[in-house]
Structure formats: structure tokens, C-alpha cells
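Read-outs: derived from the displayed coordinates by stated rules, not from any lab. Keep in mind that what you see is a predicted model, and the values were worked out from it rather than measured. Here the Cβ positions follow ideal geometry from the backbone for every residue, glycine too, while neighbour counts run over all protein chains shown.
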Amino acid sequence: MEYKELIYTIENQVATITLNRPERMNALTKTLYSEMEHALRASEDNDGVRAIIITGAGRGFCSGDDVKSMAAPDTQEQQVRKTAIKGKPTPVVPVFMAMNKPLIAAVNGAAVGWGMDLSLFCDIRIASELAKFGEVYVLRGLIPDISGFYLLPRIIGLSRAYELLLTGDVIDAKEAERIGLVSKVVPPDQLMPTAKALAAKMAALPPLAVKMSKEAVRKGLNYDLGALGEYHAYALGILFQTEDFKEGSTSLLERRRPIFKGR
């Protein structure tokens, strides 16, 4: 497949998926979601790939859904987002949750909204000193995707997860490391070498043992993806219709403080 909005490479049994919309801080579109799903499936199905790195081009890791398209209710992206959540998880989510190969997020810059969710879907997060993290959904009148409300509390604990989820605060790499959100913080020029070294270490291990280790962890988490997807769809189906959602998106574009009315 020829990708338009990401770069996909394989070297020494490690696949690297680079979100490639640097002019928009790698904000997600229908195309980018679809291409990311395809690249993940291709990596999972390729016996020549034993580990996967996800990163972003330019200054940002991923700034979440493209805000301009999300703020305009009649755009194609808005309609796609609404129809995609009816009763099911975001299409790429089951792919992430079923991956049997190690996933490493090399977070080079801002990872906010679905960008932070994306990093959480990865098994390990390594951050540049320039990285920032934020589950900013509450500021837009929404809730995060499954990784935000299911995996985040298991990664950093309930209290810290609630604080991030219920304030929408954005934290820097040093704080992310302190609370256990990321495994390591490195200088920007050391991010990809560090991620590649870790990926190579995992790629050299017995693939079946790695696969079954991941399966064992998933069983230990004991999640019901269908039920999580249904609730996510139920909540967003309501929240997308609220005035507060429109205010949250519009205020971001207008660079002003939102005024929420609870309706």
C-alpha cells in the first residue's frame, strides 16, 4: 500500500510507523486512522517484523483529531467520526488491543487527546525531553478513547489518572516519567536510537514467548472490549450533540477560554 499521511519502514525486524502530517502536528484524519490501521495489520502479519515503533514527524507526536474538521459539524470528518462510534470501538482500537508484537511509542513532542491515547495503546513509552502529554477531552466536552479511561488508571494509578482526566492538564516529560507514564526521558537526538535499541532487544527474543507474554497480560487485565466500545459509543453519541462540545472545539480554534453551560 502507498501511504499518504504516514511513513512505514522496516529495518532489522523493526517496523517504524511515522505519522506524517507535521504541518498539523500530525493531527488525525480519516485517512491517517485508516493508514495506521493498515500499517499495524501489515506489521502483525509480517513474520519479518518482530517489534514496532510509532512516532511523529516534525515537532509533534500527535495532536489528536484534526480540530478544524471536528469543530465544523457538517464536514466529512465530523460525520465520519460520529458514524464510526455507533456501538463499536474506534476501528483501529481492536487492532491495537490485539497486537502480539511489542509496540513502542517514541514520543517526540506533544501527545494530546487521541495522541495521548495512541501512546497509551503502546506497550512502552519513551519520551523526548520536549514531549508533553494531555488527556484534554474534558476541555472539549468529551471523554477519551478506551486507552484513556481503561489503560491509563492501570498505568499510573486511579488518583493520578483522575487528575489528568478531570482537569485536562498537560504535563511535561519529566512529570510523565515521575508518575510512571513513560519509561524513560531522553534528549531529542537520542529518542529514536533509544527506541530502536529497545525494539532490537525485543526483536531478538523468541517471538512465540513474546506473543504469549502479551496475551497473558491481556488476560490479566480481563477487559471486555465490546462492552468498553459500547460505553465509549454511548457516551460520545450524547456528548457530540451537546453545546459544551461545540463550545470546547470553537473556543480552542478562537484561542479563548471556554464557557461551559452543562447542556
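Details
- Beta-bridge orientation, the chain: approximately 30 percent antiparallel, per DSSP, counting only bridges with both partners inside.
- For K132, the aspartates and glutamates whose Cα falls under 17 Å of its own Cα, not counting residues fewer than eight places away in the same chain, are D65, D117, E163, D169, D172, E175, E177, D189.
- When the charge dipole of the chain is built from unit charges on Cβ atoms (+1 for Lys and Arg, -1 for Asp and Glu) and taken about the Cα centre, the candidate among N46, A197, A57 whose Cα reaches farthest toward its positive end is A197.
- By average C-beta atoms within 10 angstrom, highest first, the peptides 14-23, 221-230, 241-250, 135-144: 135-144, 14-23, 241-250, 221-230
- Here the sum of -39500 (n - 2.57) over DSSP H runs of 4 or more residues, divided by the residues of the chain, equals -13500 deg cm²/dmol at 222 nm, to the nearest 500.
- Amide hydrogen neighbours beyond the local backbone of K184, cut-off 5 Å, H modeled: A127
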